[in-house]
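The values are calculated or read from the model by the stated rules, or taken from the named source; none is laboratory data. What you see is a predicted model, and the numbers here were worked out from it, not measured in a lab. Ideal geometry is used to build each Cβ from the backbone, glycine not excepted, and the neighbour counts take in all protein chains shown.
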Amino acid sequence: MAVMASKNVRLLRRCAELLNVGDWDALFELYHPDVDVEFRDLQPPPDIPDVLHGREGVRRIVAHWTAPYDEFGAEVKEYIDADPWVVCDTRWFLRNDGSDPPLEVRFADAYEVEQGMIRRAIIGFRDVEAALESVRAAA
């Protein structure tokens, strides 16, 4: 018997769908206007602070990551419901025209959902266990 995914997991699945088709405006609407995005084991790019605030912060990091690539996407291997958090075990892939194979990066991200929107995102955990330990400590 299939288990119905929680609303929080469905929200994160929708985020991945929108990201993979490049519907950035619809994706950003799923983030709370006052969202906080922070980096964990992954270092932020130069000129990007350790914590970004608001949808404009999300736009800034997405623009930084997508600008140099012709293809940018994610495959979420697993969604873990740790209400109000969802931990995503994600394989990110990036490619320029003519480059093969694509550059791949795998890490875990944690998203706190509040009132049907992403209120906080912590990206770049080294693995799912580290992400789960962090969100459990935050509870």
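Summary of computed values
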| item | result |
| --- | --- |
| Residue check, Y79 in contact (Cβ under 8 Å) with a residue 60 or more places away in the chain, in contact with a Phe, Trp or Tyr (Cβ under 9 Å, 6 or more places away or on another chain) and at negative phi | no |
| Test: residue in region 45-60 that is among the β-branched types (V, I, T) and under 19 Å from A138 (Cα atoms) | yes |
| Qualifying residues in region 47-105 (those that are of a type in the set (V, I, T) and outside any strand (DSSP E or B)) - the one surrounded by the most Cβ atoms within 10 Å (Cβ to Cβ) | V58 |
| D109 being crowded, with 16+ Cβ neighbours inside 10 Å, in contact with a strand residue (DSSP E or B) (Cβ under 9 Å, 6 or more places away or on another chain), within 20 Å of L11 (Cα to Cα) and free of Cβ contacts under 8 Å to residues at least 40 places away in the same chain | yes |
| Qualifying residue in region 109-128 (condition: among the hydrophobic types (A, V, I, L, M, F, W, C), in a strand (DSSP E or B), in contact with a His (Cβ under 8 Å, 6 or more places away or on another chain) and at pLDDT 90 or above) | yes |
| Cβ pairs under 8 Å, 6+ apart, first in region 23-43 and within 21 Å of V105 (Cα to Cα) and touching a residue at least 24 places away in the same chain (Cβ under 8 Å), second part of a strand (DSSP E or B) and of a type in the set (K, R) | V37/R120; E38/R120 |
